[in-house]
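Asker: Encoded as structure tokens, here's the structure I'll be asking about.
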Amino acid sequence: MFRVVRFAVDDAFMTDARRIREIVFCQEQHVSAEEEWDGLDPSCEHFLILDGDEALGTARLRDYGGLAKIERVAVLAEHRGRKAGWDLMEAVIARARDRKFAAAMLNAQVAVESFYAALGFVPEGAHFTEADIEHVRMTRPL
């Protein structure tokens, strides 16, 4: 059974979150360190999904002009397809709702757009490139 923890950037859990982001974004997807480590982590709430003590995935949430912006959603390759990403997103969405945001948004990689659509996110506007990866902005009411 998975467990999601919420933490601040100065928490020990950040070590696991950074490791997962390094593997998924920098190593697998070739996102540059400069793009990945954008300096916004201190203004975000962070989430880690665990199976026992093993960290499987991470995400962050921040206030983006009154919208809940969900970012840096990553699950280690060997744990994809186990619903860890789904459970992680449900926890982040629930926290955004608890914080009284009216809507959530994210910039989804087009390759996983259907995953976010299944969670109720709707694409808005044209595709765009971010970190050399095709994305689409998606939103959903909370």
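Asker: Check Met89, Met105, Met138 and return the single one that is over 21 Å from Ala12 (Cβ atoms), crowded, with 17+ Cβ neighbours inside 10 Å and in contact with an Asp or Glu (Cβ under 7 Å, 6 or more places away or on another chain).
Answerer: Values: Met89 fails: in contact with an Asp or Glu (Cβ under 7 Å, 6 or more places away or on another chain); Met105 fails: in contact with an Asp or Glu (Cβ under 7 Å, 6 or more places away or on another chain).
Going through Met89, Met105, Met138 in turn, just one is over 21 Å from Ala12 (Cβ atoms), crowded, with 17+ Cβ neighbours inside 10 Å and in contact with an Asp or Glu (Cβ under 7 Å, 6 or more places away or on another chain): Met138.
Asker: Which residue is surrounded by the fewest Cβ atoms within 10 Å (Cβ to Cβ), if the candidates are limited to the range 1-25 and must be more than 16 Å from Leu50 (Cα to Cα) and within 15 Å of the chain's Cα centre (by Cα)?
Answerer: Ala8
Asker: Can you give me the number of residues within the range 94-113 that are over 18 Å from Ala59 (Cβ atoms) and without any contact (Cβ under 8 Å) to a residue 40 or more places away in the chain?
Answerer: Taking the range 94-113 as the starting set, the residues that turn out to be over 18 Å from Ala59 (Cβ atoms) are 100, 102, 110.
Cutting the leftovers down to without any contact (Cβ under 8 Å) to a residue 40 or more places away in the chain gives us 100, 110.
The number of residues fulfilling the criteria is 2.
Asker: Filter the range 9-31 for residues that are modelled with pLDDT of 95 or more and small (Gly, Ala, Ser) and give the result.
Answerer: Of all residues in the range 9-31, those modelled with pLDDT of 95 or more come to 13-31.
Result: Ala17, single match.
Asker: Of all residues being surrounded by fewer than 22 Cβ atoms within 10 Å (Cβ to Cβ) and among the small types (Gly, Ala, Ser) in the range 40-73, which is farthest from Gln109 (Cα to Cα)? Just the residue, please.
Answerer: Gly52
Asker: Let me confirm something: among Ile70, Ile49, Ile23, which residue is aliphatic (A, V, I, L, M), over 25 Å from Pro123 (Cα atoms) and touching a Leu at 6+ places or on another chain (Cβ under 6 Å)? It would help to see each step written out before you state the result.
Answerer: Working: Ile70 fails: over 25 Å from Pro123 (Cα atoms); Ile23 fails: touching a Leu at 6+ places or on another chain (Cβ under 6 Å).
Going through Ile70, Ile49, Ile23 in turn, just one is aliphatic (A, V, I, L, M), over 25 Å from Pro123 (Cα atoms) and touching a Leu at 6+ places or on another chain (Cβ under 6 Å): Ile49.
Asker: A further question on this structure: Among the residues of the range 92-142, what is the count of those that are closer than 20 Å to Gly65 by Cβ and in a strand (DSSP E or B)?
Answerer: Result for the range 92-142: 19.
Asker: Checking Val9 against (1) in contact with a Pro (Cβ under 6 Å, 6 or more places away or on another chain); (2) closer than 18 Å to Gln109 by Cα; (3) not hydroxyl-bearing (Ser, Thr, Tyr), which single condition isn't satisfied?
Answerer: Every condition holds for Val9 apart from (2).
Asker: Condition first: farther than 23 Å from Glu113 by Cβ, out of contact with any helix residue (DSSP H, G or I) (no Cβ under 8 Å at 6 or more places or on another chain), without any contact (Cβ under 8 Å) to a residue 24 or more places away in the chain and part of a strand (DSSP E or B). Can you find one or more residues in the range 45-54 that meet it? Give the steps one after another, and end with the answer.
Answerer: Kept after step one, since they are farther than 23 Å from Glu113 by Cβ, are these residues of the range 45-54: 45-46, 48, 50-54.
Still in the list and also out of contact with any helix residue (DSSP H, G or I) (no Cβ under 8 Å at 6 or more places or on another chain): 50, 52-54.
Then drop every residue that is not without any contact (Cβ under 8 Å) to a residue 24 or more places away in the chain, which leaves 52-54.
Cutting the leftovers down to part of a strand (DSSP E or B) gives us 54.
Yes, because at least one residue in the range 45-54 is farther than 23 Å from Glu113 by Cβ, out of contact with any helix residue (DSSP H, G or I) (no Cβ under 8 Å at 6 or more places or on another chain), without any contact (Cβ under 8 Å) to a residue 24 or more places away in the chain and part of a strand (DSSP E or B).
Asker: While we're looking at this one, here's another question. Would you call Ala84 among the small types (Gly, Ala, Ser), within 25 Å of Ala118 (Cα to Cα), over 14 Å from the mean Cα position of the chain (by Cα) and at pLDDT 95 or above?
Answerer: no
The values are calculated or read from the model by the stated rules, or taken from the named source; none is laboratory data. Because the structure is predicted, anything quoted here is derived from the model rather than measured. In this analysis, Cβ positions are derived from the backbone assuming ideal geometry, glycine residues included, and neighbour counts consider all displayed protein chains.
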